[in-house]
1. Considering only segment 52-78, state which residues are away from ligand 2 (no atom under 16 Å from the Cβ), farther than 16 Å from residue 96 by Cβ and part of a loop (DSSP other than H, G, I, E, B).
2. Consider only pairs whose beta carbons are under 6 Å apart and that are at least six residues apart or on different chains; among these, list those whose first residue lies in segment 248-272 and is over 11 Å from residue 226 (Cβ atoms) and whose second residue is within 16 Å of ligand 2 (Cβ to nearest atom) and at pLDDT below 95.
3. Does segment 264-286 hold any residues that are in a helix (DSSP H, G or I) and either farther than 24 Å from residue 251 by Cα or out of contact with any strand residue (DSSP E or B) (no Cβ under 6 Å at 6 or more places or on another chain) (or both), and which are they?
4. Looking at segment 93-102, is at least one residue surrounded by fewer than 20 Cβ atoms within 10 Å (Cβ to Cβ) and within 16 Å of ligand 2 (Cβ to nearest atom)?
5. With 132, 177 as the choices, which residue is within 16 Å of ligand 1 (Cβ to nearest atom), within 23 Å of residue 307 (Cα to Cα) and either in contact with a helix residue (DSSP H, G or I) (Cβ under 9 Å, 6 or more places away or on another chain) or touching a residue at least 24 places away in the same chain (Cβ under 8 Å) (or both)?
6. Looking at (1) in a helix (DSSP H, G or I); (2) within 16 Å of ligand 1 (Cβ to nearest atom); (3) in contact with a strand residue (DSSP E or B) (Cβ under 8 Å, 6 or more places away or on another chain), which is the one condition that is false for residue 32?
7. Mind listing whichever residues of segment 21-41 are more than 11 Å from ligand 2 (Cβ to nearest atom) and surrounded by fewer than 24 Cβ atoms within 10 Å (Cβ to Cβ)?
Ligand code: 5GP
Ligand code: MN
């Protein structure tokens, strides 16, 4: 059906750890997205039907729309219930680390995770994993952790335990990380897996509406304002910049997630290959970058915005005010000319 991609020795080690574990917890990254929540909940559905006691911990609250995924009410928000989350980790026989590559990506939960005694299995698709884990299943070539998790479960011969709820959660992650199959989709087996999940009852149309087409009026107005009034285009450098200050965000009653996807919009303009969005937060400027082709936004975020990420999707932060951050971005457009030459 699908080709084998996960190394057999990792599967064998993981199988042993799972067999011996009664209590399992899953952990994902801060600001949990559809892939982080989807993989965590899918693991809960599958391993609880195998008879394991399993809980999914999120370092902080996921976006509102993800809270209607099957099982999401049972998520343990470590920001709200730090003691309970710590107790779960201390009592666990096994920790599944899903959709992150470094302990620091779990934010304030990182110390608890680092201090955990239980063995860890990392299942992730971010570049350069740097984790202290007994088993590391890292496949940056795969579009989503949920896709990798499906493969992992099949290799453990747990395909039959993927019920409709698990299938819906796995598909949610795959849809999230491919923008509803718009990018990172060159692997044909992604569609084979999607077909299997749909056969198991995952409702793709419902998920599309939940993940991509559920927006508040304020959110639609904020994004429209940002594009109409705040998008700067730099045709010479094939770049675009959008900034939103605290005041502007407040005017539209901004809530977490309202600007999700905004950074991608300028890339729709022919000739624009590099887009940056800066949002003023209480203590820093949050920077988000996207690009097309081989323009390395991860390099720019690493070198100038204390962050990182993938070639075409990266993020970081800037300490200072919004105008300074925008100035720094414009200055980079001037100094980084060689980066734009190949286009
Ligand atoms: P977003 O723009 O959606 O916040 O982030 C896009 C991608 O960039 C994320 O999936 C993540 O891989 C990476 N990323 C975002 N923020 C950071 C950061 O502060 N540090 C690092 N290392 N990667 C980040
Ligand atoms: Mn992911």
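The values are calculated or read from the model by the stated rules, or taken from the named source; none is laboratory data. Model, not experiment: these values are computed from the prediction. Methodologically, a virtual Cβ is constructed for each residue, glycine included, from the backbone with ideal geometry; neighbour enumeration extends over all protein chains shown.
1. Here is the first cut: in segment 52-78, the residues away from ligand 2 (no atom under 16 Å from the Cβ) are 52-55, 57, 60-61, 64-65, 67-68, 70-78.
If we keep only those that are farther than 16 Å from residue 96 by Cβ as well, we get 60-61, 64-65, 67-68, 70, 72-73, 77.
Within segment 52-78, 60, 61, 70 meet the criteria.
2. Correct list of pairs: 257/63.
3. Let us first name the residues in segment 264-286 that are in a helix (DSSP H, G or I), namely 264-268.
Residues satisfying the conditions are 265, 267, 268.
4. First pass over segment 93-102, keeping only residues surrounded by fewer than 20 Cβ atoms within 10 Å (Cβ to Cβ): 93, 102.
With the extra rule that they be within 16 Å of ligand 2 (Cβ to nearest atom), the set shrinks to 102.
Looking through segment 93-102, at least one residue is surrounded by fewer than 20 Cβ atoms within 10 Å (Cβ to Cβ) and within 16 Å of ligand 2 (Cβ to nearest atom).
5. Working: 132 fails: within 16 Å of ligand 1 (Cβ to nearest atom).
Selected residue: 177, the only one of 132, 177 that is within 16 Å of ligand 1 (Cβ to nearest atom), within 23 Å of residue 307 (Cα to Cα) and either in contact with a helix residue (DSSP H, G or I) (Cβ under 9 Å, 6 or more places away or on another chain) or touching a residue at least 24 places away in the same chain (Cβ under 8 Å) (or both).
6. Among (1) in a helix (DSSP H, G or I); (2) within 16 Å of ligand 1 (Cβ to nearest atom); (3) in contact with a strand residue (DSSP E or B) (Cβ under 8 Å, 6 or more places away or on another chain), residue 32 violates only (1).
7. The first filter runs over segment 21-41 and keeps only residues more than 11 Å from ligand 2 (Cβ to nearest atom), leaving 21-27, 30-31, 40-41.
Residues satisfying the conditions are 21, 22, 23, 30, 31.
Quick grid of which residues meet (1) surrounded by 15 or more Cβ atoms within 10 Å (Cβ to Cβ); (2) without any contact (Cβ under 8 Å) to a residue 60 or more places away in the chain; (3) in contact with a strand residue (DSSP E or B) (Cβ under 7 Å, 6 or more places away or on another chain); (4) part of a helix (DSSP H, G or I):
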position: 90; (1), (2), (3), (4): no, yes, no, yes
position: 105; (1), (2), (3), (4): yes, no, no, yes
position: 117; (1), (2), (3), (4): no, yes, no, no
position: 121; (1), (2), (3), (4): yes, no, yes, no
position: 137; (1), (2), (3), (4): yes, no, yes, no
position: 147; (1), (2), (3), (4): yes, yes, no, yes
position: 154; (1), (2), (3), (4): yes, no, no, yes
